[in-house]
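**Student:** My questions will all concern the structure given below.
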């Protein structure tokens, strides 16, 4: 997916609304998050991960961060319900 045009990527994978990803001071700039980001939305600047606006809030970077410096926060109470609704719309139960 890293090599798809931005327009195609936007159609295929929409950002998860209501989630915020933050990089804390615990970041050591190891780059493991870059390897796991399928959108290519992370770079290392001044020995610290920087997450761009291309981020889809999937959380893979946080899952693989060895220092737990990348955190995911729910900023909208119904964010989880929105994700479930998006999945239910395309999955046949």
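**Student:** Taking the Cα atoms of region 42-93 alone, what are Rg (to one decimal) and Dmax (as a whole number) in Å?
**Tutor:** Looking at region 42-93, its Cα Rg and Dmax stand at 14.3, 47 Å.
**Student:** Okay, moving on. Rounded to two decimals, what is the ratio between the C-alpha radius of gyration of the chain and 2.2 N^0.38 Å?
**Tutor:** Numbers: Rg = 14.1 Å, N = 93, 2.2 N^0.38 = 12.3 Å.
My calculation over the Cα atoms of the chain gives 1.15.
**Student:** Between residue 48 and residue 76, what length in nm is gained on full extension when 0.36 nm per residue of separation is reduced by their alpha carbon distance?
**Tutor:** 7.4 nm
**Student:** Taking just the alpha carbons, could you work out the radius of gyration and Dmax for region 23-65, both in angstroms?
**Tutor:** When restricted to the Cα atoms of region 23-65, Rg and Dmax are 9.2, 24 Å.
**Student:** Below 8 Å between Cα atoms, with a sequence gap of 6+, how large is the relative contact order for the chain in percent?
**Tutor:** On the way: 125 pairs, mean separation 31.7, N = 93.
Taking the mean separation of contacting Cα pairs over the length of the chain, I get 34 percent.
**Student:** Would you please give the FRET efficiency between residue 84 and residue 22, computed as 1/(1 + (r/R0)^6) with r the Cβ-Cβ distance and R0 = 22 Å, to the nearest 0.05?
**Tutor:** Numbers: r = 24 Å, r/R0 = 1.08.
The calculated FRET efficiency here is 0.40.
Bear in mind that the values in this text are calculations on the coordinates, not laboratory data. Computed from a predicted model, the values in this text were never measured in an experiment. Because the Cβ atoms are built from the backbone with ideal geometry, glycine has one as well, and the counts that use them run over all protein chains shown.
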